[in-house]
Amino acid sequence: MARMSAFQRLVTKYRRDVDFLIIYIEEAHPSDGWVTTDSPYSIPQHRSLEDRVSAARVLQQGAPGCALVLDTMANSSSSAYGAYFERLYVIQNGTIVYQGGRGPDGYQVAELRTWLERYDEQLHSAQTRRV
């Protein structure tokens, strides 16, 4: 939950210059599977796309202001990006320019914040020179 709050602060700060997107993948700790005691939610494994949509709505309530899409039931995005459990990426013009470590241990919002700060400095200094 703390990670989501830190991520939300980044979204709020940089959304003017950066598009944020959450891809909701399969549930890492389903209530009918590998349960964790610190999860604020009780979400069962997704057995259908409708299940995933319902679970994503719960997530969306905790992450307002950020676009949310769903992975396929074949978990195509998770497989392509090695995202299971969670992962942070920055993609510019179709190229991955930042790839965070795999979650939960490699998921470092502070590392993404540093990348965004540098990007923001470059973006605004370039705009200042154009004027």
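Order of 94-103, 66-75 by packing, highest average Cβ count within 10 Å first?
The most tightly packed comes first, giving 66-75, 94-103.
Taking H as built 1.01 Å from N, whose amide H comes closer than 5 Å to the amide H of LEU68, not counting residues under 5 places away?
HN-HN under 5 Å from LEU68: ILE22.
Along the range 13-28, what does the Karplus equation 6.51 cos²θ - 1.76 cosθ + 1.60 (θ = phi - 60°) give for ³J(HN,Hα), rounded to whole Hz, x for Gly and Pro?
Values per residue, Gly and Pro as x: 6, 10, 5, 5, 10, 9, 8, 9, 9, 10, 9, 7, 9, 4, 5, 6 Hz.
Suppose every Lys and Arg Cβ carries +1 and every Asp and Glu Cβ carries -1, with no other charges. What dipole size does the range 1-129 come out with about its Cα centre, to the nearest 20 debye?
400 debye
Using a 1.4 Å probe on the protein chains only, how many percent of the accessible area of the chain belongs to carbon and sulfur?
50 percent
If you compute semi-axes √(5λ) of the Cα gyration tensor in Å for the structure shown, which of (i) 30, 15, 14; (ii) 22, 21, 15; (iii) 69, 16, 8 do you land on?
Here the calculated entry is (i).
How far apart, in nm, are the 7 Å Cα→Cβ label points at ASP51 and ALA74?
For the pair ASP51/ALA74, the computed spacing is 1.9 nm.
The values are calculated or read from the model by the stated rules, or taken from the named source; none is laboratory data. Note that the structure is predicted; figures quoted are calculated from it, not measured. A quick note on method: Cβ atoms are made from the backbone with ideal geometry, for glycine too, and the neighbour counts reach across all protein chains shown. All accessible areas refer to the heavy atoms of the entire protein, side chains included, with ligands and DNA or RNA removed. Shrake-Rupley method; radii C 1.70, N 1.55, O 1.52, S 1.80 Å.
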